[in-house]
Amino acid sequence: MKLADTHIPTKKVKYAKVLGGLVVAVNLSMLLYLVTVSLSIFGNAFVSFVVILVILFDVTITLQFILLVLEMWARFSRLNDALQDALSPHCTELFVGASPSYRCSLLQLQKTYVALGRAADHLMSHFGLPVAFDIAFCICGATCSSYEVFVKLLSDSNVPGLSIEVPVSVSEVWLALHWMRILLFSLSCAAAEDTAAATGVILIRASVVPQRRTAEFDEFLRFTLQGPRTSFSAAGFVKIDRRLIVSAFTAVVTYLIILGQLTFN
């Protein structure tokens, strides 16, 4: 990503810092609440320490991965802006509002595109297994937290044989944390993937202008069409995009129905 910063202008992406700060603030606030509750619920100091350590480690990995994906999304956005800027002298009817303040050669932009794609590959090779474990933990945790809330609601309805020791507010916070992390994983990776794919769309639209069909342009266009696509997966087990939200929701509802049937039986 440092190579990308040397080839494209340092332009701030709208609301990028606000989005990153909001993600960190919400996760840390939930983390602080869960740590406080863990210290009050578990009487054993060792058990409390282990629970707090697991929570800190898990949330730290999640935040680090999501922030890196958002940084990659911001650089792809800057790349697309620079590409529209480079093509604007010949494509003003296609790219209205492109700023002529900075010009990049297509060769530089192609190197940036390749560098960001390699950065995505290195990111997933480094975080693949932890992210796969984290997604599985979020789905299992969302199922358990949903079941705890479900049992608490039934116990309040005077259904005999149902009780739960953990306060329902703790289960609700855990449920919100798990689903928020699944949403952050899915939406951040989907945004970066869509922004990377938008580079090829810009080049395809610009290819209708005869003055733009140079050797550099054709090579860049051919690479975006035939080269590897930027995508994110959890060590090859599951593809991280918007479909992950639907898959996780389906799994949680399915296991919740099974647990509900076993409970009443």
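Amide H of Ser233: which non-local residues (sequence gap of 5 or more, or other chain) have their own amide H closer than 5 Å, using H built in the peptide plane?
Ile240
Starting from the Cα-Cα distance between Phe237 and Thr250, subtract it from 0.36 nm times their residue separation and give me the gain in nm to one decimal.
This chain segment gains 3.0 nm when fully extended.
Rank these for me by crowding, Cys138, Cys189, going from fewest to most other beta carbons within 10 Å.
Cys138, Cys189
What ranking do Val170, Val252 get, fewest neighbouring Cβ atoms within 10 angstrom at the top?
Taking fewest neighbouring Cβ atoms as first place, the list is Val170, Val252.
Fewest to most neighbouring Cβ within 10 Å: what's the order for Asp194, Asp241?
Lowest to highest Cβ neighbour count: Asp194, Asp241.
Please give me the summed charge of the neighbours of Phe249: other residues whose Cβ is under 12 Å from its Cβ, Lys and Arg +1, Asp and Glu -1.
+2
Rule-based calculations on the coordinates, nothing more; no lab input. Keep in mind that what you see is a predicted model, and the values were worked out from it rather than measured. Here Cβ is always computed from backbone atoms with ideal geometry, including for glycine, and neighbour counts include all displayed protein chains.
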